[in-house]
1. Among the residues of region 45-60, is there at least one that is closer than 29 Å to L120 by Cα, open to solvent by less than 50 Å² (accessible area, probe 1.4 Å) and within 16 Å of ligand 2 (Cβ to nearest atom)?
2. Would you confirm whether any residue within region 101-118 is of a type in the set (A, V, I, L, M), touching a strand residue (DSSP E or B) at 6+ places or on another chain (Cβ under 6 Å) and surrounded by fewer than 17 Cβ atoms within 10 Å (Cβ to Cβ)?
3. Whether any residue in region 67-83 is surrounded by 12 or more Cβ atoms within 10 Å (Cβ to Cβ), modelled with pLDDT under 95 and more than 16 Å from ligand 2 (Cβ to nearest atom) is what I want to check.
4. Give me the residue from region 11-36 that is in a loop (DSSP other than H, G, I, E, B) and under 15 Å from A73 (Cα atoms) and, out of that set, nearest to ligand 2 (Cβ to nearest atom).
5. Can you pull out every residue in region 119-143 that is more than 21 Å from A88 (Cα to Cα) and open to solvent by less than 50 Å² (accessible area, probe 1.4 Å)?
Amino acid sequence: MRITGQCRCGQVNIEIVAQQLPPLYACHCLNCQRWSGSAFGLHMLSAVSAVQVSGETAIFEHEHHGHTSTQHACGICHTRLFNETTAAPGMRVVRAGILEGAERFEPVAHIWTRRKQPWLVLPGTIAQWQESPTPEAFAAALG
Ligand SMILES: [Zn+2]
Ligand SMILES: [Zn+2]
């Protein structure tokens, strides 16, 4: 399948090509709330090779729990697009709100629900953790 996306101004375009839909999860941590200026971050966990980027991105690197996270944004409109982290080599975590037809995709997991906005009610059937799950538990939930 092929999923496309872009920043707000259209300078950067993203294309995800994968056999099946990469897993989507929501993170309700405070960093995701601040960074998105919204209630949670919506992330699509894709292989680097599946995500093509055209246009120029501006990069912001930061240390997080001993790992380096490299955040890519549009250098013009500053829309956050995706990040890579040394905690998950070979993966690109795409900000799913930039994707066309994102309403078709439903998260398969919610993390950091301890910080979740109280008005947001999650379906009990979806995997969820109060904080960060172990990598093994998370991988199992993402399938
Ligand atoms: Zn832009
Ligand atoms: Zn988060």
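1. To start, the set of residues in region 45-60 that are closer than 29 Å to L120 by Cα comprises 45-46.
Remaining after also requiring open to solvent by less than 50 Å² (accessible area, probe 1.4 Å): 45-46.
Imposing the further condition that a residue be within 16 Å of ligand 2 (Cβ to nearest atom) reduces the set to 45.
Within region 45-60, one or more residues are closer than 29 Å to L120 by Cα, open to solvent by less than 50 Å² (accessible area, probe 1.4 Å) and within 16 Å of ligand 2 (Cβ to nearest atom).
2. Of the residues in region 101-118, the ones of a type in the set (A, V, I, L, M) are 102, 108-109, 111.
Then keep just the ones that are touching a strand residue (DSSP E or B) at 6+ places or on another chain (Cβ under 6 Å); that gives 109, 111.
From what is left, the residues that are surrounded by fewer than 17 Cβ atoms within 10 Å (Cβ to Cβ) are none.
Within region 101-118, none of the residues are of a type in the set (A, V, I, L, M), touching a strand residue (DSSP E or B) at 6+ places or on another chain (Cβ under 6 Å) and surrounded by fewer than 17 Cβ atoms within 10 Å (Cβ to Cβ).
3. no
4. So the first thing to find is which residues in region 11-36 are in a loop (DSSP other than H, G, I, E, B), and the list is 11-12, 18-23, 28-29.
Still in the list and also under 15 Å from A73 (Cα atoms): 11-12.
On the way: Q11: 26, V12: 22 Å.
Ranking the candidates gives V12 first.
5. Hits for region 119-143 are L120, L122, I126.
The values are calculated or read from the model by the stated rules, or taken from the named source; none is laboratory data. Just so you know, these numbers come straight off a predicted model, no measurement behind them. Here Cβ is always computed from backbone atoms with ideal geometry, including for glycine, and neighbour counts include all displayed protein chains. The area values use the complete protein model at the heavy-atom level, side chains included, leaving out ligands, DNA and RNA. Shrake-Rupley method; radii C 1.70, N 1.55, O 1.52, S 1.80 Å.
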